[in-house]
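Below you'll find the structure, written out as C-alpha cells, and then a few comments.
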Amino acid sequence: MNVDFVIRSLRTATWVTIIFAPCIAMHSMLWAAGFMFASLWSVGNVWAIARLTTMLLTPDLDSGALTKALPWIFIKFPVLYGAGILVVIYSGFPASSMLTGFHVIFVVFVLKAVALSMGWGKTPADSNVSPVETEGA
C-alpha cells in the first residue's frame, strides 16, 4: 500500500461521508451529525498517521525528520484524540452512528484494495512498467 492509495482512499471516504450524511439526516439529524463527525475524525486520523509515517520512514531520512514530525505528533495525539474523547462524552451522538462513521474509511480501504486486486482502476502509475515501454512492444 503506497501513499497515493491512502490519499485516494481518504478522498473517497470524505466524498462518501458528504454524500451519505444528508441521506442519513432524513432519518435523524443527530445520527447524521454523529456519523459525519466520526467519519471525518477517522479520515483525519488516518491522514495524520500517513503523514507521520511518510516523514519518519523516508529513504533519505535526515537528522531534522524527528523535529519536523514533532508538531504532527502533538497535533495527532492530544488534539485529535482529545477532541474525539470530548465529543464522545459530551455530544450526545448515538454510539451506533459514531461506530458506523468510524468504519467508513476501512470499508473504502477494503473495496479499493479488492478493486485493485481484480485489475479495476489501475493506471500506468500503479504498474512497474512505463506507458512508453508498453507502446513500443
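Grab the beta carbon distance between Ile49 and Ile89, set R0 = 22 Å, and tell me the FRET efficiency rounded to 0.05.
According to the calculation, E is roughly 0.40.
Between Leu116 and Ser28, take the C-beta separation as r, use R0 = 41 Å, and let me know the FRET efficiency to the nearest 0.05.
0.70
Could you give me the ³J(HN,Hα) list for region 8-25, computed from phi with Karplus coefficients 6.51, -1.76, 1.60 and θ = phi - 60°, whole Hz, x at Gly and Pro?
For region 8-25, the Karplus curve yields 5, 5, 5, 4, 5, 5, 5, 5, 4, 5, 5, 6, 7, 4, x, 5, 5, 4 Hz.
The numbers here are math on the coordinates, done by the rules we state, and not lab data. As the structure is a computational prediction, the values presented were derived from the model and not from experiment. Neighbour counts are summed over all protein chains in view; Cβ atoms, including those assigned to glycine, are modelled from backbone coordinates with ideal geometry.
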